[in-house]
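> Input: one structure, supplied below.
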Amino acid sequence: RGLRVSDRGFLNTAVIESSITYIDGDNGILRYRGYPIEQLAAKSSFLECAYLLIYGSLPTRAQLSYFEPEVLNHGVMHADAAGFFRAFRYDAHPMAILTSAFAYLGSYYREANPSLQGQNIYTNGAKGDPAALQNMDKQIFRLIGKATTLAAMAYRVRQGREFVVPPTGMSYTESFLFQLDHLSHSDAFPTALTSGGATYRPHPVLVRALDILFILHADHEMNASSTTVLQTGSSLPDPYSAIAAGCASLYGPLHGGANEAVIRMLVSIRSPENVPEFLAAVKRREKVLSGFGHRVYKTSDPRSFIIRKVADEVFAVTGADPLLNTAMALHDAALKDDYFVSRKLAPNVDFWSGLIYRAMGFPMDFFPVLFVVPRVVGWLAHWRQGVKIWRPRQIYVGPSERPYVPLEERQ
Ligand code: CMC
């Protein structure tokens, strides 16, 4: 009935009007609320960008001094949560733990569940009702504040280590690194903190690097996981469930798993002299060049230039990753090869981010977690705007009506 267009993979379907993030894929431009990503990465902090994405303007000093502690003070998890995390197998993938943890978190907050509360806070919030918006904002503070705590718990449970209570007096990313407490480079900065018995502070260069990486990953308009959050959120469950759905979407190797896939690819290539052979296999379509190509960017991903610089700053502290030479040889060869040039395939944000995370000492399967934590902000910025229930149509191409065949008569 009038349904003619099937846009497989949504190559040309806009599902929403939004003023949050602007991407010009042909010219390699990314802006949050109008601000170029390059300026934000150079001058801003992650929580400042979070405020910008969610509320539409850079915070004043007064707004930031309200927002930051609201988020950071919500970092503490109920002590019962330890039992939830300890129920996972020692070798569980951290994304499986984190996806489950977001849904689990929702079970703590009855006021976030519209069916339990008896009124539709999310519909009213999208219409600007102050009480509903206040309720939504509380969930936002909680989700951003607890994202690092849940991620750190997913990290530490696999090591059989005690969980760390988020410290006071640290920025969002410093607190995260502190809770993970895995970096040998931290020892260079021993400082006795009063909170939580801390005896060190994470290296400031690594803290700033992670803050920049978080800024770059905070939002990217209608990518697969943000769309998933909106699709799930459109039927009005609590936002914890919608964020869990986004987390599951991001897990895939074509999305948040790509930086892990890049490292596996580089390890399999082993050294620069094997690059031509690898690229030949890609061209025969036997392999994928992970970290290259993008649905929207058809020239270059502006985040990849920023990240390349961050990589050098991190390597200056940690030492260069042994895979760096292979990565550079692969990068340079692909950019000169007509197969990739003609298809407009350039490095995306994930080509370098995995190398940085590896140099910082993170295990590969934790990389997608480092993507989820900042992306929670983008998901929530979109979620806060509200959408009508998303119920797409299909074009049915199956058999027309036919009579039921009993089991004994089937061929
Ligand atoms: N390696 C080899 N060939 C590729 C690649 C690649 N990484 N990406 C695209 N192509 C080819 C593709 O086979 C197609 O060739 P042909 O026209 O001959 O059939 C052509 O380039 C056009 O690609 P496409 O199919 O239109 O690309 P898409 O928009 O459907 O897919 C993508 C985008 C990101 C899924 C894809 O480029 C890819 O798989 N890249 C590797 C995974 C990756 O790095 N993902 C991270 C994306 S950035 C972070 C994020 O947002 O999650």
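The values are calculated or read from the model by the stated rules, or taken from the named source; none is laboratory data. Fair warning: this is a prediction, and the values are worked out from it, not measured in the lab. As a convention, Cβ positions derive from the backbone with ideal geometry for all residues, glycine included, and neighbour counts pool all protein chains shown.
> Suppose the filter is within 13 Å of the ligand (Cβ to nearest atom) and over 18 Å from the mean Cα position of the chain (by Cα); does Phe315 pass it?
Values: within 13 Å of the ligand (Cβ to nearest atom): no; over 18 Å from the mean Cα position of the chain (by Cα): yes.
No: the conditions fail for Phe315.
> Keeping to segment 288-310, report how many residues are more than 8 Å from the ligand (Cβ to nearest atom), modelled with pLDDT of 90 or more, surrounded by fewer than 20 Cβ atoms within 10 Å (Cβ to Cβ) and of a type outside the set (Phe, Trp, Tyr).
Of the residues in that region, 2 qualify.
> Listed residues Ser300, Ser353, Ser342; which is in contact (Cβ under 8 Å) with a residue 60 or more places away in the chain and either touching a Lys or Arg at 6+ places or on another chain (Cβ under 8 Å) or farther than 19 Å from Met265 by Cα (or both)? Outline the logic, then answer.
Details: Ser353 fails: either touching a Lys or Arg at 6+ places or on another chain (Cβ under 8 Å) or farther than 19 Å from Met265 by Cα (or both); Ser342 fails: in contact (Cβ under 8 Å) with a residue 60 or more places away in the chain.
Of the residues listed, the single one that is in contact (Cβ under 8 Å) with a residue 60 or more places away in the chain and either touching a Lys or Arg at 6+ places or on another chain (Cβ under 8 Å) or farther than 19 Å from Met265 by Cα (or both) is Ser300.
> Before we move on, is Gly378 assigned by TED's automatic domain parsing to the domain that holds Arg33 and assigned to a helix (DSSP H, G or I)?
Numbers: assigned by TED's automatic domain parsing to the domain that holds Arg33: yes; assigned to a helix (DSSP H, G or I): yes.
When the stated conditions are applied, Gly378 passes them.
> Could you list, in sequence order, the residues of segment 255-284 that are outside any helix (DSSP H, G or I) and within 7 Å of the ligand (Cβ to nearest atom)?
At the first step, the residues of segment 255-284 found to be outside any helix (DSSP H, G or I) are 255-257, 270-271, 284.
His255, Gly256, listed by residue number.
> Any residue that is modelled with pLDDT under 90 and of a type in the set (D, E, K, R) - is there at least one of those in segment 132-151?
Scanning segment 132-151, I find no residue that is modelled with pLDDT under 90 and of a type in the set (D, E, K, R), so the answer is no.
> Next question. Kindly list the number of the only condition in (1) of a type in the set (A, V, I, L, M, F, W, C); (2) assigned to a helix (DSSP H, G or I); (3) free of Cβ contacts under 8 Å to residues at least 24 places away in the same chain that fails for Val5.
The single condition Val5 does not satisfy is (2).
> Now for a separate question. I'd like to check something: does segment 49-66 contain any residue that is surrounded by 20 or more Cβ atoms within 10 Å (Cβ to Cβ), modelled with pLDDT of 95 or more and in a loop (DSSP other than H, G, I, E, B)?
Checking segment 49-66: not a single residue is surrounded by 20 or more Cβ atoms within 10 Å (Cβ to Cβ), modelled with pLDDT of 95 or more and in a loop (DSSP other than H, G, I, E, B).
> Against the condition assigned by TED's automatic domain parsing to the domain that holds Ala209 and exposed (fewer than 15 other Cβ atoms within 10 Å of the Cβ), how does Gly125 come out, does it pass? Explain how you work it out, then say what you get.
Details: assigned by TED's automatic domain parsing to the domain that holds Ala209: yes; exposed (fewer than 15 other Cβ atoms within 10 Å of the Cβ): no.
Here the answer is no, as Gly125 does not meet what is asked.
> On to the next question. What pairs come up if the first residue lies in segment 272-293 and is over 14 Å from Tyr339 (Cβ atoms) and touching a residue at least 40 places away in the same chain (Cβ under 8 Å), the second is of a type in the set (Phe, Trp, Tyr) and within 11 Å of the ligand (Cβ to nearest atom), and their beta carbons are under 9 Å apart, counting only those six or more places apart or on different chains?
Every condition considered, the pairs that remain are Ser290/Phe351; Gly291/Phe351.
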